[in-house]
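Novice: Here it is, the structure, as structure tokens.
What follows draws every value from the coordinates through simple rules; no lab data is involved. Everything numeric here is computed off the predicted structure, so don't read it as measured data. Please note: Cβ atoms are built from the backbone with ideal geometry, for glycine as well, and neighbour counts cover all protein chains shown.
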Amino acid sequence: MSMKKTDLDRLAGLKLDTQMRGAPVPGRFGQGAAQLPDRKEQRRLDSAAGLVPFACKLPAELTQTLRDKAASHEGGINALVAELLRKGLQ
């Protein structure tokens with residue numbers, strides 16, 4: 001029994017669909033991609049590095065200035081604030 005062209009097209013589509021669903025997810029999009037440590041792990045890493053949390057209230061315009069400068073600073077906002085505090089306390 002020969003198949004019609006529409007049947008062949010439908011089966012080809014099903015075959016393609018099955019192949020697409022069974023394809024593994026590339027590593028750059030999988031579960032291991034850009035996996036950041038959870039909060040407890042981050043706290044443990046920070047304490048091992050000798051870092052402690054230090055919170056204070058600052059004016060909004062000062063925090064915006066800090067964020068702008070931290071964007072171009074290599075260590076981010078934490079390193080920038082530490083550097084500024086060291087300079088200010090000397």
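Novice: Tell me the net charge near L45. Cut-off is 12 Å between Cβ atoms, L45 excluded, with +1 for each Lys or Arg and -1 for each Asp or Glu. Don't skip to the end; give the middle numbers.
Specialist: Numbers: positive: R39, K40, R43, R44; negative: D38, E41, D46.
Net charge in that neighbourhood comes out at +1.
Novice: Taking 0.36 nm per residue of separation and subtracting the Cα-Cα distance, what length does fully extending L85 through R10 add?
Specialist: Working: separation 75, 0.36 × 75 = 27.00 nm, distance 6.91 nm.
Answer, rounded to one decimal: 20.1 nm.
Novice: Moving to a separate point now. Could you give the longest part of the chain that holds none of the trypsin sites (Lys or Arg not before Pro) found in DSSP loops with at most 15 neighbouring Cβ atoms within 10 Å? Present the calculation step by step, with values, prior to reporting the outcome.
Specialist: Working: sites that count: K4, R28, K57.
Formally, the longest exposed-site-free interval is 58-90.
Novice: Looking at the chain, I'd like the Rg to Rh ratio, where Rg is from alpha-carbon atoms and Rh is Kirkwood's inverse mean 1/r.
Specialist: On the way: Rg = 27.3 Å, Rh = 19.0 Å.
Using Cα coordinates only, the ratio equals 1.44.
Novice: Along the charge dipole of the chain, pointing to its positive end and built from +1/-1 on Cβ of Lys, Arg, Asp and Glu, which listed residue (L85, S72, Q35) has its Cα farthest out?
Specialist: It is Q35.
Novice: Between V52 and K69, what length comes free when the chain is fully extended (0.36 nm per residue of separation minus the Cα-Cα distance, one decimal in nm)?
Specialist: Values: separation 17, 0.36 × 17 = 6.12 nm, distance 2.21 nm.
Contour length minus the Cα-Cα distance gives 3.9 nm.
Novice: Work out the FRET efficiency for L62 and A23 from their Cβ-Cβ distance, taking R0 = 35 Å, and round it to the nearest 0.05. Kindly include the intermediate steps, with their values, before the conclusion.
Specialist: Working: r = 51 Å, r/R0 = 1.46.
After rounding, the FRET efficiency stands at 0.10.
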